[in-house]
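One structure is given below, encoded as structure tokens.
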Amino acid sequence: MAVTVAQHKNFVAGEWVDSVEGGTMEVLNPSTGETIAEVPSATAADVDRAVEAGQRALPEWLETTPQERSELLLKLAAVIDEHADELAQIESQNVGKPLSYARDEMPVCADNIRFFAGAARILEGRSAGEYMRGYTSMIRREPLGIVAGIAPWNYPLMMAVWKLAPALAAGNVQVLKPSEQTPLSLLRFAQLAEGILPAGVLNVVTGDGVPAGQRLVEHPDVRLVSLTGDVETGRIVARTASDTLKRVHLELGGKAPVIVFDDADPAAVAEAIKIAGYWNSGQDCTAASRVVAGPGIYDALLEQLVPAVESLKVGDPAEGDEIEMGPVISKAQQDRVMGFLERASAAKAKVLTGGDSRGPGFFVTPTVVTDVGQDAEIVQKEVFGPVVSVQRFSSDDEALAWANDVRYGLSASVWTRDVGRALNAARKLQFGTVWINDHIPLVSEMPHGGYKQSGYGKDLSAYSLEDYTQIKHVMAKLN
């Protein structure tokens, strides 16, 4: 049966427009490898047009009150609630994630927008006062102006929401570029939300990182770029942004350790890793990808983990709600993951389960790897696929040293019944989020962001508003 190829346009200045130069690019269903949509292939000219739309919208948007912005954000959240199943269906097909998982994300997206709708109304500086005789000083917290968001392919709508909600709440206007591989749920959201925001306040441009993303970073009128992506892209963005001294917000992935002390419950840990290690086919910056287990629990944990992983139902999410894991995003990603496994096997690592790929589509079997040293590539680098390594530590100090001995620092978890041991580990782990006896939940009220080469800046929570605002001192003479 022929696949219907949907045609899409960019959303600029409140209108749907083709790319300036007329180019298009294909969007694939990773479960089948088939083309399901065509979207504009933006160039620098498209980005310039979107930024100009933001410039025209900014003066009036700066006059809006926090209450007005809050009410508009609440309407955006309601759009997600009203069309949650449709958006989940689109995202499931475009990303290849199980439909039930995509459905779970929609209330989270709506909640995040609602959180920032509330946060918009409590932005404040420090209290005014007289710090020099005869003068009153006050602090104003003001928006930056035009900000750019570059969203990743693993959570296309959620990561876009993480960028647009604080940006708009703070009074900025925004240009969003979704991943060229997964733009469809954001484009549909923009269609559904059309008319809620003034024209030009939110613009969506589709295209490759070069030239579209590059131009966003280079543009002198863009005052902040928020990127969720890989470390190398983050380095390029930071270097490029330095030419115009714009702010940069980077969330650059992770290699999350799961420290399992001997007093933990192996069955509970295995069940948690089955979810957190393989959610979204392991294509998650916080994925439980690196287990560091104590000598007394190591064997018992593997006895529980391997059958738990083997029980995962893998397939095209269109097959039904029983599917628990879909494909990885592309043939290139499939090849990349398999390359990690081939090199690990050549280095004498042991694959306890999984380790192969299949088609049609870009599937990798859920994999558990053991007998890997701390310096092994599969331990040190982000695989971003359904692969979990398991190491055996000999002491608490070694467990913490191994956990910290990677260039990433986004998230980690600790499993133990000993409160003191857990809190000591949480204190010493060099990661932006540390879970105790769980792995992966996030909430709108708490910050999410990395240490080390996982980047800087915070998503979620009121802390993210610090990135999207700037501080002004106003000083008045009291004559």
Put a dot 7 Å past each Cα toward the Cβ at Asp299 and Leu192; how far apart are the dots in nm? 5.2 nm
Find the accessible area per residue for the stretch 356-396; the probe is 1.4 Å, ligands and nucleic acids are left out, and the unit is Å². 35 Å²
Counting only residues 5 or more places away or on other chains, whose amide H sits under 5 Å from the amide H of Leu410 once H atoms are built in the peptide plane? Lys255, Gly432, Tyr451
Quick one: which of 95-105, 416-426 comes out on top by average Cβ neighbours within 10 Å, and what's the full order, highest first? 95-105, 416-426
For the stretch 355-363, 3J(HN,Hα) per residue [Karplus equation, 6.51 cos²θ - 1.76 cosθ + 1.60, θ = phi - 60°, Hz, x = Gly/Pro]: x, 10, 10, 7, x, x, x, 10, 8
Amide H of Gly277: which non-local residues (sequence gap of 5 or more, or other chain) have their own amide H closer than 5 Å, using H built in the peptide plane? Ala288
List the residues, sorted by chain then number, that are 5 or more residues from Glu34 or on another chain and whose placed amide H is less than 5 Å from its amide H. Asn29
Could you give the distance between the Cα centres of the stretch 338-413 and the stretch 114-131, to the whole Å? 44 Å
How much FRET efficiency would the formula 1/(1 + (r/R0)^6) give for Arg407 and Ser100, where r is the Cβ-Cβ distance and R0 is 30 Å, rounded to 0.05? 0.35
For the stretch 31-44, Karplus-derived ³J(HN,Hα) couplings (6.51, -1.76, 1.60; θ = phi - 60°; whole Hz; x for glycine and proline) come out as 6, 10, x, 8, 6, 10, 7, 10, 10, x, 9, 6, 10, 4
Area of Lys472 that stays accessible when all protein chains are in place (1.4 Å probe, Å², to 10): 90 Å²
Can you give the accessible area of Arg69 in Å² (nearest 10), computed on protein heavy atoms with a 1.4 Å probe? 20 Å²
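So, with a 1.4 angstrom probe, what is the percent of accessible area on the stretch 143-254 that is carbon and sulfur? Kindly include the intermediate steps, with their values, before the conclusion.
On the way: 1520 of 2860 Å².
Carbon and sulfur atoms account for 53 percent of the accessible area of the stretch 143-254.
In nm, what is the difference between 0.36 nm times the number of residues separating Glu34 and Asp438 and their Cα-Cα distance?
Values: separation 404, 0.36 × 404 = 145.44 nm, distance 3.70 nm.
Taking Glu34 through Asp438 to full extension adds about 141.7 nm, to one decimal.
Ranking request for peptides 15-21, 143-149: highest mean number of other beta-carbon atoms within 10 Å first, then the rest in descending order. Walk me through the numbers before you get to the answer.
On the way: 15-21: 15.6, 143-149: 24.7.
Top to bottom by mean Cβ count within 10 Å: 143-149, 15-21.
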Hey, got the Cα dimensions of the chain along the principal axes, in Å, largest first? 75, 68, 40
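Show that you can apply the helix-only estimate: for the chain, add -39,500 (n - 2.57) for every DSSP H stretch of four or more residues, divide by all residues, and state [θ] at 222 nm to the nearest 500.
On the way: 14 runs with 171 residues, N = 479.
That comes out to -11000 deg cm²/dmol.
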Give a residue-ordered list of calculated ³J(HN,Hα) values for the stretch 415-428 (Karplus: 6.51 cos²θ - 1.76 cosθ + 1.60, θ = phi - 60°; whole Hz; x for Gly, Pro). 10, 6, 8, 8, 4, x, 5, 5, 5, 5, 5, 4, 5, 8
Regarding the stretch 147-253, what's the average projected area of the Cα-atom convex hull, expressed in nm²? 6.1 nm²
How do Tyr468, Tyr451 stack up against each other in accessible area, from largest to smallest, with a 1.4 angstrom probe? Tyr451, Tyr468
The orientation-averaged projected area of the Cα convex hull of the stretch 72-189, in nm², is 8.2 nm²
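The values are calculated or read from the model by the stated rules, or taken from the named source; none is laboratory data. For clarity, every value in this text was computed on a predicted model and none was experimentally measured. Every residue, glycine among them, receives a Cβ derived from its backbone with ideal geometry; neighbour counts consider all protein chains shown. Accessible surface areas use protein heavy atoms only, side chains included; no ligands, DNA or RNA. Shrake-Rupley method; radii C 1.70, N 1.55, O 1.52, S 1.80 Å.
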